[in-house]
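Student: Let me give you the structure first, and then I'll get to my questions.
The values are calculated or read from the model by the stated rules, or taken from the named source; none is laboratory data. Keep in mind that this is a model prediction, so the values were computed, not measured. Methodologically, a virtual Cβ is constructed for each residue, glycine included, from the backbone with ideal geometry; neighbour enumeration extends over all protein chains shown. Side chains are part of the model used for accessible areas, which takes the heavy atoms of the whole protein and leaves out ligands, DNA and RNA. Shrake-Rupley method; radii C 1.70, N 1.55, O 1.52, S 1.80 Å.
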Amino acid sequence: MNRAALAALTLLVLGGCGPAAAPASSPGGPGRIYPMAPPAPEFLQAPAVPAIAGFSSAVKVGQTVYLAGQVPLDSTGLLVGRGDRTAQLRQALANASAVVRYARGVPADIIRLTIYCVGCSPGDFDNLRAEAAGLFPKDEGAALTMLGVAALPEPELLVAVDAVAVLRGAYPDRNRDPGTTPQ
């Protein structure tokens, strides 16, 4: 039995333990080692953001943070901006920013942002889009989706957001952080 066959048989018997080498055509090049298992998810609850029992503010896997829907409630759970979509969006974005900061990132790390708006007209969407743009450095805006919805979980909620952030390093980049915090 040649060495390659013996090595393959050993891996088969041992269940493929250890890191796997990338194929020659992989972007990392031949022989690059990749871990077998992805990083374990980390369930986050930012202290300045109201919690929903049984759910996390976000789930972080590696350097990617998947934010749950953020609504316009302040840190005490009170609605901000009753009847005012723009004020509600500001608070929901402040909550999303607080979650990203808690994950050791900055708001500019958000790569996808979805805004849900109850009863919005095209003009409302224009105003909300302009408000959301202030979260990002010039020419670095996230991929944005805006959706009109019939309702949100509470009748006075007019706006909610969810997002995905990719952290750009082990420590937040303070040069890209406007430093705003939720009310």
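Student: Taking the stretch 43-61 as the region of interest, how many residues are open to solvent by 30 Å² or more (accessible area, probe 1.4 Å), outside any strand (DSSP E or B) and either among the basic types (Lys, Arg) or touching a Phe, Trp or Tyr at 6+ places or on another chain (Cβ under 7 Å) (or both)?
Tutor: 1
Student: What single numbered condition from (1) loosely packed, with under 15 Cβ neighbours inside 10 Å; (2) modelled with pLDDT under 90; (3) on the phi < 0 side of the Ramachandran plot fails to hold for residue 172?
Tutor: Going through the list (1) loosely packed, with under 15 Cβ neighbours inside 10 Å; (2) modelled with pLDDT under 90; (3) on the phi < 0 side of the Ramachandran plot, residue 172 breaks only (1).
Student: Which ones in the stretch 122-168 are small (Gly, Ala, Ser) and under 18 Å from the mean Cα position of the chain (by Cα)?
Tutor: Here is the first cut: in the stretch 122-168, the ones small (Gly, Ala, Ser) are 123, 130, 132-134, 141-143, 148, 150-151, 160, 163, 165.
Selection gives 132, 133, 134, 141, 142, 143, 160, 163, 165.
Student: How many residues, within the stretch 89-143, are farther than 16 Å from residue 69 by Cα, open to solvent by less than 40 Å² (accessible area, probe 1.4 Å) and part of a strand (DSSP E or B)?
Tutor: 0
Student: For the stretch 62-83, does any single residue satisfy the condition of being open to solvent by 10 Å² or more (accessible area, probe 1.4 Å) and touching a Phe, Trp or Tyr at 6+ places or on another chain (Cβ under 7 Å)?
Tutor: For the stretch 62-83, residues open to solvent by 10 Å² or more (accessible area, probe 1.4 Å) and touching a Phe, Trp or Tyr at 6+ places or on another chain (Cβ under 7 Å): present.
Student: Does residue 39 satisfy the condition of being crowded, with 16+ Cβ neighbours inside 10 Å, in contact (Cβ under 8 Å) with a residue 12 or more places away in the chain and assigned to a loop (DSSP other than H, G, I, E, B)? So that I can check it myself, show each step before the final result.
Tutor: Working: crowded, with 16+ Cβ neighbours inside 10 Å: no; in contact (Cβ under 8 Å) with a residue 12 or more places away in the chain: yes; assigned to a loop (DSSP other than H, G, I, E, B): yes.
Considered against the rule, which asks whether it is crowded, with 16+ Cβ neighbours inside 10 Å, in contact (Cβ under 8 Å) with a residue 12 or more places away in the chain and assigned to a loop (DSSP other than H, G, I, E, B), residue 39 comes out as no.
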